[in-house]
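Peer 1: Below: one structure in structure tokens.
The values are calculated or read from the model by the stated rules, or taken from the named source; none is laboratory data. Because the structure is predicted, anything quoted here is derived from the model rather than measured. Cβ: placed from backbone, ideal geometry, glycine included. Neighbour counts: every protein chain shown.
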Amino acid sequence: MITDTKPPQATPEEEQLFLGGVREFVDSYLLPNTRHWEHDRLPDDIFAECAKRGLLSMTVPKAAGGSGMSCVAYTEACRLLAQGDPALSMNVAAINALCLRHLNELTTPDQREKYLTRAMQGEIELAWGLTEPEAGSDARRVRTMARPIEGSPGYFHLNGDKMFITNGGRAHLIIIIARVNEKELSAFLLETDQPGFRLGERIPTIGVRASWTSQFTLKDAVAWHTPCTFEQAIGFLHQGRLGIAAMALGIAEKAHELAVKYSMQREQFNRRLCDMQSVQNMIADSETEIQAARLLVRNGAEKFDRGEDVVKDASMAKLYASETSNRVTNRALQIHGGRGMTFEYLVEKLWRDAKLTEIGEGCSEIQRLVIAKQVCK
Ligand SMILES: Cc1cc2nc3c(=O)[nH]c(=O)nc-3n(C[C@H](O)[C@H](O)[C@H](O)COP(=O)(O)OP(=O)(O)OC[C@H]3O[C@@H](n4cnc5c(N)ncnc54)[C@H](O)[C@@H]3O)c2cc1C
């Protein structure tokens, strides 16, 4: 039984106000710029703008200075952001579920005091570092070693390589999963402004390109141990997966909306595309699958808010929503025909962005393993 869930603290009115602000942010800032950002990166002020709108404190309770949003509101925010800029949605989903919850729930009072408020204000940018060249789906293969620093209780030297770390090239603070001995792993707070942190070349990706996907090497990097087990640290992935599922849903919704609109305008054979049965089939399948994904995401988030076990539900939501997102964006591109393959139409970008959702925070094959294990226990 997962007991790490928290009852919602923001009122329904506060959540509606917050989500209204997110919608306005999507329309006024993300949609007009998403194309431009993918040729470069998310702008320098993006996290400060997110903080202003409460997007960097959703998973932190009000008592700790956060906005105490329910998981339903968190997934809604990730869904809406993905309609505007999927790369930002991915960052916000991970920062809230993996980084901020870790900072608030698995740290000492000194650590919280030093970092939490500034992180929620967007002054300290965050990243979460588990994946390594030899440790992807098999997270327990992490090789980065943590060695206590003599005379500095709580501080360790870290040595190893990390790759595919979202926002790692901009982050001031990274939560690093490292090995403390042959059997055990734990988590550490690593400030990037130190000689032991050696940032490698940014990793270019086909989708979510505006996100700074990074690789780096740690050479006697000084890090502050957060007193937690590996299971506690990666337990936050269940909420993270609901966030990525919502991101997948937002991408699918946007692509579907564009495809429907296009099919109602474009004519061939003296008919609109939407009057042709093959196109209608695509539209009907996308509409149905999106609704099913919506219900799975909602079900997982509501269970989380009730404090129920979401291991299976989060994986089912992510598995189905991410695969739906890939099918829907593929159909949307098909409906756009040749124009869908040009950079003038947003569907090709959504099609590329959707791919991440089947891979990040556990690929579909791992989600299926998790679900089957829960069913057969
Ligand atoms: C854009 C982007 C952002 C990312 N951000 C972060 C981040 O912020 N922090 C972080 O720590 N990581 C991050 N990742 C890493 C991501 O979580 C991993 O890429 C993912 O977990 C898969 O690991 P891998 O790439 O090493 O693939 P592998 O583990 O090598 O797997 C390759 C393929 O093998 C198959 N496979 C693997 N294991 C199994 C199995 N047991 N059963 C059946 N099939 C299997 C799957 O098809 C899988 O896709 C990011 C990745 C990307 C692309």
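Peer 1: Look through Glu132, Glu182 and report the one residue that is in the same structural domain as Thr217 (by TED's automatic domain parsing) and within 16 Å of the ligand (Cβ to nearest atom).
Peer 2: Residue meeting the stated conditions: Glu132.
Peer 1: Looking at Leu369, Leu350, Leu356, which one is assigned to a helix (DSSP H, G or I), free of Cβ contacts under 8 Å to residues at least 24 places away in the same chain and within 16 Å of the ligand (Cβ to nearest atom)?
Peer 2: Residue meeting the stated conditions: Leu369.
Peer 1: Tell me which residues, restricted to region 246-273, are surrounded by 13 or more Cβ atoms within 10 Å (Cβ to Cβ) and aromatic (Phe, Trp, Tyr).
Peer 2: Tyr262
Peer 1: Which fully enclosed helices (runs of 4 or more DSSP H) of region 5-84 have 2 or more residues being in contact with a Ser or Thr (Cβ under 8 Å, 6 or more places away or on another chain)?
Peer 2: Filter on region 5-84 gives 12-25, 71-84.
Peer 1: So which pairs qualify, if the first residue must be in region 121-137 and acidic (Asp, Glu), the second must be near the ligand (Cβ under 8 Å from one of its atoms), the Cβ gap must be under 7 Å, and the two must be at least 6 apart or on different chains?
Peer 2: Filtered contacts from region 121-137: Glu125/Asn167; Glu132/Lys162; Glu132/Met163.
Peer 1: Residues in region 72-85: is at least one within 17 Å of the chain's Cα centre (by Cα) and hydroxyl-bearing (Ser, Thr, Tyr)? Explain how you work it out, then say what you get.
Peer 2: Going through region 72-85, the residues within 17 Å of the chain's Cα centre (by Cα) turn out to be 72-85.
Narrowing the set further to residues that are hydroxyl-bearing (Ser, Thr, Tyr) leaves 74-75.
Among the residues of region 72-85, at least one is within 17 Å of the chain's Cα centre (by Cα) and hydroxyl-bearing (Ser, Thr, Tyr), which makes the answer yes.
Peer 1: Of the residues that make up region 140-160, is at least one closer than 28 Å to Leu55 by Cβ, outside the structural domain of Ser67 (by TED's automatic domain parsing) and within 16 Å of the ligand (Cβ to nearest atom)? Can you show your working first?
Peer 2: Pass one, region 140-160, residues closer than 28 Å to Leu55 by Cβ: none.
Checking region 140-160: not a single residue is closer than 28 Å to Leu55 by Cβ, outside the structural domain of Ser67 (by TED's automatic domain parsing) and within 16 Å of the ligand (Cβ to nearest atom).
Peer 1: Moving on. I'm trying to understand the selection: among the residues of region 260-309, which are in a helix (DSSP H, G or I) and either among the aromatic types (Phe, Trp, Tyr) or outside the structural domain of Ser322 (by TED's automatic domain parsing) (or both)?
Peer 2: Tyr262, Phe304
Peer 1: Okay, next question. So which residues in region 325-363 are within 23 Å of Asn96 (Cβ to Cβ) and not charged (D, E, K, R), if there are any at all?
Peer 2: Ser325, Leu350, Ala354, Leu356, Thr357, Ile359, Gly360, Gly362, Cys363
Peer 1: When you scan region 141-178, how many residues do you find that are under 19 Å from Gln111 (Cβ atoms), hydrophobic (A, V, I, L, M, F, W, C) and not in a loop (DSSP other than H, G, I, E, B)?
Peer 2: Of all residues in region 141-178, those under 19 Å from Gln111 (Cβ atoms) come to 146, 148-149, 152-158, 171-178.
Subset that is hydrophobic (A, V, I, L, M, F, W, C): 146, 149, 156, 158, 171, 173-178.
Still in the list and also not in a loop (DSSP other than H, G, I, E, B): 146, 156, 158, 173-178.
Residues that pass the stated criteria total 9.
Peer 1: When Ala94 is evaluated against the numbered criteria (1) in a strand (DSSP E or B); (2) surrounded by 23 or more Cβ atoms within 10 Å (Cβ to Cβ), which criterion, by number, is the only one it fails?
Peer 2: Going through the list (1) in a strand (DSSP E or B); (2) surrounded by 23 or more Cβ atoms within 10 Å (Cβ to Cβ), Ala94 breaks only (1).
Peer 1: Within the bounds of region 190-201, is there any residue that is within 15 Å of the ligand (Cβ to nearest atom), among the hydroxyl-bearing types (Ser, Thr, Tyr) and in contact (Cβ under 8 Å) with a residue 12 or more places away in the chain?
Peer 2: yes
Peer 1: Of all residues in region 14-39 being touching a residue at least 60 places away in the same chain (Cβ under 8 Å) and in contact with a Lys or Arg (Cβ under 9 Å, 6 or more places away or on another chain), which is nearest to Glu76 (Cα to Cα)?
Peer 2: Checking each candidate, the answer is Thr34.
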